[in-house]
Amino acid sequence: MALPSVWSEMRVGILLLSVLCLLSAGLVGAGQDSGSVIPAESRPCVDCHAFEFMQRALQDLKKTAYNLDTR
């Protein structure tokens, strides 16, 4: 009769351990996010990001076209 109670205690222990691991992982993730918050005033807007990205892409295309022309 002692064997089934050991298994039930092990199942409860494993369940508690997995819940504890999930909670600690959630707290670690939340702690990392809060440290990297940049105020909205100092962040560029989405349009600025898109414009900068398109500018860099256009410069890369120009360089590639020039390299192909010089060959």
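The values are calculated or read from the model by the stated rules, or taken from the named source; none is laboratory data. From a predicted model like this one, the values you see are computed outputs, not experimental measurements. Don't worry about glycine lacking a Cβ; one is built from the backbone with ideal geometry, like all the others, and counts go over all protein chains shown.
Looking across the stretch 45-55 at every residue that is loosely packed, with under 10 Cβ neighbours inside 10 Å and in a helix (DSSP H, G or I), the one that is modelled with the highest pLDDT is identified as Asp47. Against the test of being modelled with pLDDT under 75 and assigned to a helix (DSSP H, G or I), the options Ser18, Ser24, Ser42 yield a single qualifying residue, Ser24.
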